[in-house]
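See structure below.
Values in this text are rule-based calculations from the coordinates and carry no lab data. Just so it is clear, the structure is predicted and the values come from calculations on it, not from any experiment. Quick reminder, even Gly has a Cβ in these numbers, built from the backbone with ideal geometry, and neighbours come from all protein chains shown.
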Amino acid sequence: MTATRRIELTVNGRAHAADVAVHHTLLEVLRADLGLTGTKECCLVGECGACTVLIDEVSVDSCLVLAVEADGSRVTTVEGLATDGRLDPLQEAFLETGAAQCGFCIPGQLVAARALLAAIPQPTRADVEDGLAGNLCRCAGYEQIIEAVLLAASAEARAAGTRGAGALAAGALAAGGLEPVP
């Protein structure tokens, strides 16, 4: 008889509890038990990156993590990148640059890129190459993928600058005893 253990995870912002076989990987639980098939099963030895997810904001190959090791963690899969029905800027950039190609590696590439941009909001090309080094693309679409990550970083910087400038202007008005015009 296979030993099981109850685990609790927050996956893409939703709480989940499941009884899992102690030898099952997080990848197996995400795909089979939670129905999150965006995370791809490929090499199963941590070489390709197709199964990349974030565990507590850290990029990992879910094929190498036992589900019981992730108990109590926050997990983000590719399905969790979009918010309120809106694509993540990375997803938009991948579409804009044609980075998807066959699409098999893209979920892992997107999640790894999100971790990279969280750590280095304005990466250089070399940063992107290093940050995505563990994610293989069999279609060899690396140029478009790198371009997409740099495009998303630029878009996010512009959006942050706009928000920052608005907050700065509102703060300056408030400091002068004035109200911003709606």
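Fully extending the segment from residue 45 to residue 10, taken as 0.36 nm per residue of separation minus the present Cα-Cα distance, adds 10.1 nm. Extending 7 Å from the Cα toward the beta-carbon at both residue 2 and residue 92 defines two label points whose distance is 4.2 nm.
Provide the packing ranking of 12-18, 148-154, 110-116, i.e. peptides ordered by the mean count of other C-beta atoms within 10 Å per residue, highest first.
Values: 12-18: 12.4, 148-154: 21.7, 110-116: 25.0.
So the peptides 12-18, 148-154, 110-116, ranked by packing, come out 110-116, 148-154, 12-18.
Entry note, the chain: the mean residue ellipticity at 222 nm calculated from DSSP H runs of n ≥ 4, each adding -39500 (n - 2.57), is -11500 deg cm²/dmol after division by the residues and rounding to the nearest 500.
Counting Lys and Arg as +1 and Asp and Glu as -1 over every other residue whose Cβ lies under 15 Å from the Cβ of residue 31, the net charge comes to -4. Under Stokes-Einstein, with the Kirkwood radius over Cα pairs as Rh, the value for the chain at 10 °C and 1.306 mPa s is 89 µm²/s. Stretched out straight at 0.36 nm per residue, the stretch from residue 83 to residue 58 would grow longer than its current Cα-Cα span by 7.1 nm.
Return a whole-number percent for the relative contact order of segment 85-173, with Cα pairs under 8 Å and 6 or more residues apart as the contact set. Walk me through the numbers on the way to the answer.
Details: 71 pairs, mean separation 35.9, N = 89.
Once divided by the residue count of segment 85-173, the mean separation gives 40 percent.
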